[in-house]
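Below: one structure, written as structure tokens.
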Amino acid sequence: MYSTPHIVSDVMSHTVAAVGRRAAFKEIVQLMQDWKVSALPVLEGEGRVVGVVSEADLLPKEEFRDSDPDRATQLRRLDDLAKAVGLTAEDLMTSPALTVHADATLAQAARTMAHAKVKRLPVVDAVGMLQGIVSRADLLKVFLRTDEEIAEEVRREVVACLFPAPGSAVRVDVRNGVVKLIGHARDTSLVPVAARLVRAVEGVVDVEFELTRSESPTESTAGPANAGENLSTA
């Protein structure tokens with residue numbers, strides 16, 4: 001019934017800067033600078049991801065360069081102190097790596113990034129081989145869809161199913177990703193359902209309703225459907 005959501009393979013970058021376990025500290029810094037990235041997958045063998053080294057993993061070397069931390073700090077930040085003396089990617093990396101599969105939905109990838117507070121994820125296959133990289137910016141590409149593309153999908157996938165003619169006459173208006181459903185509907189109790197479905201359409205920023213219930217021989221026209229407060233609990 002509904003369109004297949006975009007998946008990671010639709011937006012990921014296939015060309016990836018990566019390092020091996022033995023990559024030296026300065027080599028890692030230079031590669032990050034050259035590629036303008038904040039983290040690099042660490043690979044072994046023919047391309048299996050075994051870790052990720054990030055700017056945060058490198059900073060302890062500078063932080064503790066001219067300081068002698070007290071015992072409380074030493075106990076609290078054992079991992080950072082170990083990285084401060086690290087020389088290679090193997091010493092510095094976070095392992096196991098947090099990764100995502102190419103067939104994961106963009107929503108799944110976004111939740112993983114948000115939970116782990118990371119900016120990018122290596123994309124791997126079933127055996128952990130590197131396939132690409134997906135970043136926060138990649139996940140936001142769905143919001144580049146045109147208003148007309150979004151409107152057409154909402155008409156086809158939501159309005160035609162929940163508010164079909166002739167009992168309903170619902171117009172879809174989209175501006176800057178905000179969808180507004182306007183007109184008359186036979187069953188305005190479906191507004192919360194419609195809200196959930198419209199928000200699931202990729203590229204939608206928000207949804208609003210200006211719907212009244214269609215008149216019938218036995219019913220009078222109802223007031224506008226209250227979409228505002230009720231939508232948050234839909």
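The values are calculated or read from the model by the stated rules, or taken from the named source; none is laboratory data. Worth saying up front: this structure is predicted, and the values here are computed from it rather than measured. So basically every Cβ, Gly included, is an ideal-geometry build from the backbone, and we count neighbours across all protein chains shown. We work out accessible area using only protein heavy atoms, side chains counted, and drop any ligands, DNA or RNA first. Shrake-Rupley method; radii C 1.70, N 1.55, O 1.52, S 1.80 Å.
Remarks
- The residue that is modelled with the lowest pLDDT, counting only those in region 78-99 that are part of a loop (DSSP other than H, G, I, E, B) and open to solvent by 60 Å² or more (accessible area, probe 1.4 Å), is 85.
- Flag for residue 60 being of a type outside the set (Lys, Arg) and assigned to a helix (DSSP H, G or I): yes
- Scanning region 100-110 for residues that are part of a helix (DSSP H, G or I) and of a type outside the set (A, V, I, L, M) yields a single hit, 108.
- Here is the figure for region 123-167: residues that are without any contact (Cβ under 8 Å) to a residue 12 or more places away in the chain, in a loop (DSSP other than H, G, I, E, B) and under 16 Å from residue 197 (Cα atoms) total 1.
- The set of residues in region 63-77 being modelled with pLDDT under 75, assigned to a loop (DSSP other than H, G, I, E, B) and within 27 Å of residue 50 (Cα to Cα) consists of 77 alone.
- Among residues of region 1-56, those that are farther than 19 Å from residue 132 by Cβ and part of a strand (DSSP E or B), counted: 1
- Residues in region 100-126 that are in contact with a Pro (Cβ under 6 Å, 6 or more places away or on another chain) and surrounded by 18 or more Cβ atoms within 10 Å (Cβ to Cβ): 122 alone.
Okay, residues lined up against (1) open to solvent by 40 Å² or more (accessible area, probe 1.4 Å); (2) farther than 23 Å from residue 107 by Cβ:
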residue	(1), (2)
167	no, yes
170	no, yes
178	yes, no
181	no, no
185	no, yes
189	yes, yes
201	no, no
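- Out of 207, 170, 179, sole residue that is in contact with a Gly (Cβ under 9 Å, 6 or more places away or on another chain) and in a strand (DSSP E or B): 170
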